Structures are given as structure tokens and as C-alpha cells.
Amino acid sequence: QFATRVVSCRAAELRPEGGGEPVHGFQVVLEDTILFPEGGGQPDDRGLIGDVPVLRVTRRGPEAVHFVQAPLEPGAEVLLSLDWERRFDHMQQHSGQHLISAVAEQMFGFKTTSWELGRQRSVIELDTPLVTAEQVEALEKSVNEKIRDRVPVTVRELAADDPEIETVKSRGLPDDHVGPVRVVDIKGIDSNLCCGTHVSNLSDLQVIKLLGVEKGKKNKTNLVFLAGNRVLKSIEQSHSTEKALTSLLKNGPGEHVEAVKRLQSSVKLLQKNNLNLLRDIAVLIARDFKSKPAPKQLFVLHRKEGDSEFMNIIANEIGTEETLLFLTVGDEKEAGLFLLAGPVAAVEHLGPRVAELLGGKGAGKRGRFQGKAAKMSRRGEVQALLQEFISHQNPGA
């Protein structure tokens, strides 16, 4: 917590990070703050001004701007409270990034070109097209050894014209920067210009887990990592998943992969057999229709378990020169697929109207119009439309 005073408060809008309608509120500037404004790859802090939640903290020149939804009186004394859990998480991830970047460069010459502190995991962009699994393993081992060595992390300030700045790692200062320059030192390992929040000793990181690498931008590699409490949360989540799988698969964690492989093989075989049976059923349905002494001009069928091939087999077997076919598959109360097949002119005329009635989209050519349907429950309306069309074409039918 920190006692301070309100300098200014003005109406403003905040656009949510996930998109959506802007939130109406106020931008508040305080005499000083303990809430970090977003920048340097690190998200902003959260907290309270009195009992008013701070939804965003941004930087405007040398000022931190706090967005809140209730007005605050300029000149009023207020108590600022910090969301420590969020802050400590960001400290662990940011200091973890400094450590990983420094050791990656020392061990392999991989320079860090950027990084992102994500909500679930963090990513370091390395200026190399390839990082091997052996290098990842060696890097993880080395950074965790340094955590166990309890190396101090200190912060100091240098004057903007201090020649020592030239010896410190930096990606450059913001164009509007004024005043002293902040340097974060990991004793004997790294010295870096940085505005972010950090732990005071590497032991506060607890542990770092490198989750592997992903292909980055041109000739770059993204290294994914977790630090501190995020590792513990990840283990807890994995353990919960493991317990659930043990219960479902009726075997130990070491046998889960083989059990899933066997299940996948069984499912593939069942799907193959099911498709063969559906094809056989489609042929039988079509032959039964054709065997009747006076085939109807309209054939309508719905089957929940079918697919596009099932419908096309029926259409091929019956033939579409004289018969108009309306076939649907899928859940009768939800979405599915449809096929309208028959004489070319009739299908071209009716296809778009059928798709519209079913709340879907489709396309077709040469006497077939098929697509997706969002409102399968309206199949009856389509059937009535088709019967009415046939009646108009053949008044005596």
C-alpha cells in the first residue's frame, strides 16, 4: 500500500483488451504510484485507489495514467493498494527472461531480439534459426543452477550522459525519455537497461521450466518458458489431468499414451466399418425406392448418422433425371448437411431457396445443390416447397 494524492482526473474511454465496446471512466494521475504502467514487454499492474479498482495503467511521458470508473477529486489524499499476486508473477517472469536471455547468449551466442510476457506462458525471441533440444536442456539446467546459487538482483540509476550506459545491454530508450536511466543487474551474469519490475534475488524465481521452441519470424526462434509459481500451477494442472486420465483409462500414468493409441486405432476401425455400413444402407435405400412399381417424383430422407457421401450414393443410385431428391443428415434439432438433386433446371431454381429456408449456405452444378444447414427443424417447410413445385409442374400428378 502507498499513500499519495490525486493530481488530475478527466473523463476518458478504455478499449477492452479482448475487443468490444469501450468502457467509460476516468484517467487519473497521482503524485506518485506503486502501480507499474505497461511497457518494456511487461503488462501493467492492477490495484485499488481507495476502494476504486484500477483497470489499466499506461505511461504518458513521465506520468503513469490510472484508468478507473469512478471520479476522484484532485488534491484528495488516497491510499493506493497493489495486486501483489499479479505483480509478483510479472516480477518472476521478467527476471526469468533476463536470466534466460543472458545465459543463452553466454552459452550459445543467441541474442534476444524481443520477448512477450503472456497470461499463460512467456516467449523469448532468439536471433537464431535453430535451437536444438540438447541446447534447451543445457540452458534449463544452467539457469536453475544460478537460481539455486541465490544470485542477487539489484537496481541502480545512471545519468543519461553517463559513459557506463554504453557498456549496458539495451534495445534503446523511448523517444520521450527524460531523466536518469534505470539499470537492472544480475550479479556476475547480466546488466540491462530496464524499466520493469524484478525480484531482488534469483532464488525468488523458485524454478524455471523451458517448454520448448517454436518457429519464429524469419531466421528467428521463439523460446517458451514458465517461471516461479507458473511452474507450480502447470504441475498442478498436469497432475489433475493425469488423475482424470487414470480414472478413465483404468491404468497408470506410464501407460496412458499406449492406451490412447489403442483407443485411436479402435475408433478408426469403427469409423471405417460405420462408413462401409452407411454406404451399403444408402444402396439398399435407393434400390428399395426404385423397386416400387410407380416411383414417386419426390424422394425425401433424413438420417442423423449420414454424411455427404451417403447422400450422393443415394442420388447416384436413384438417378436424378426424373426424380427430385431432398436428403439431409445430422442432428434434426441442430445443424447438418443437405443435398437437393434432380433435373438441372429445377435444382437451379430451388437450390438457393432451400438453403435460405434451412438457414444455411450451399452451391451446386449439373443438377446437384448441397451445403450446410443451420435450421434442420425446417425440413418440413422445404418438403412442402418441393411438393408445391412438382404440383405446378405436373397439374395432374
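Below are the figures for this structure:
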item: Of K111/K141; K220/K268; K141/K217, pairs whose Cα-Cα distance is over 28 Å; result: K220/K268
item: The chain, relative contact order in percent, only Cα pairs under 8 angstrom and at least six apart counted; result: 10 percent
item: Derived scalar couplings ³J(HN,Hα) [the range 14-23; Karplus, 6.51 cos²θ - 1.76 cosθ + 1.60; whole Hz; x for Gly, Pro]; result: 10, 8, x, 4, x, x, x, 5, x, 9
item: Under-5 Å amide H pairs with G306, H placed in peptide plane, nonlocal only; result: G330
item: With all protein chains modelled, accessible area of D32 [1.4 Å, Å²]; result: 90 Å²
item: Of the DSSP H helices in the chain, those whose Cα atoms cover at least 18 Å axially and whose Kyte score averages 1.0 or more; result: none
item: Greater than 26 Å apart at Cα, pairs in K218/K261; K209/K243; K215/K272; K333/K365; result: K218/K261; K215/K272; K333/K365
item: Hydrodynamic radius by Kirkwood, which averages 1/r over all alpha carbon pairs of the range 159-214, in angstrom; result: 13.6 Å
item: Relative contact order computed over the range 1-128 (Cα-Cα under 8 Å; 6+ residues apart), in percent; result: 24 percent
item: Heavy-atom accessible surface of the chain: percent carbon and sulfur, 1.4 Å; result: 52 percent
item: Contact order relative to length of the range 87-234, as percent, for alpha carbon pairs under 8 angstrom and 6 or more apart; result: 33 percent
item: Residue-normalised accessible area of the range 279-393, expressed per residue, 1.4 Å probe, Å²; result: 56 Å²
item: Surface/4 estimate of mean projected area, convex hull on alpha-carbon atoms of the chain, nm²; result: 30.7 nm²
item: Kirkwood Rh and Cα Rg combined as Rg over Rh, evaluated for the range 96-201; result: 0.97
item: Distance histogram for the range 2-82 (every C-alpha pair counted, 10 angstrom bins, percent rounded to whole numbers); result: 20, 56, 22, 2
item: Accessible area (Å², per residue) of the range 52-200, counting only protein heavy atoms and a probe of 1.4 Å; result: 53 Å²
item: For the range 279-393: Kirkwood Rh in Å [reciprocal of mean 1/r, alpha carbons]; result: 13.8 Å
item: Expected 222 nm ellipticity per residue - DSSP helices of 4 or more, -39500 (n - 2.57), all of the chain, to 500; result: -12000 deg cm²/dmol
item: Selection from A12, A384, N192, by position along the positive dipole direction of the chain (Cβ); result: A384
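The values are calculated or read from the model by the stated rules, or taken from the named source; none is laboratory data. Note that the structure is a prediction, hence the values are computed from the model and not measured. So basically every Cβ, Gly included, is an ideal-geometry build from the backbone, and we count neighbours across all protein chains shown. Ligands, DNA and RNA are excluded from the accessible area calculation, which covers all protein heavy atoms including side chains. Shrake-Rupley method; radii C 1.70, N 1.55, O 1.52, S 1.80 Å.
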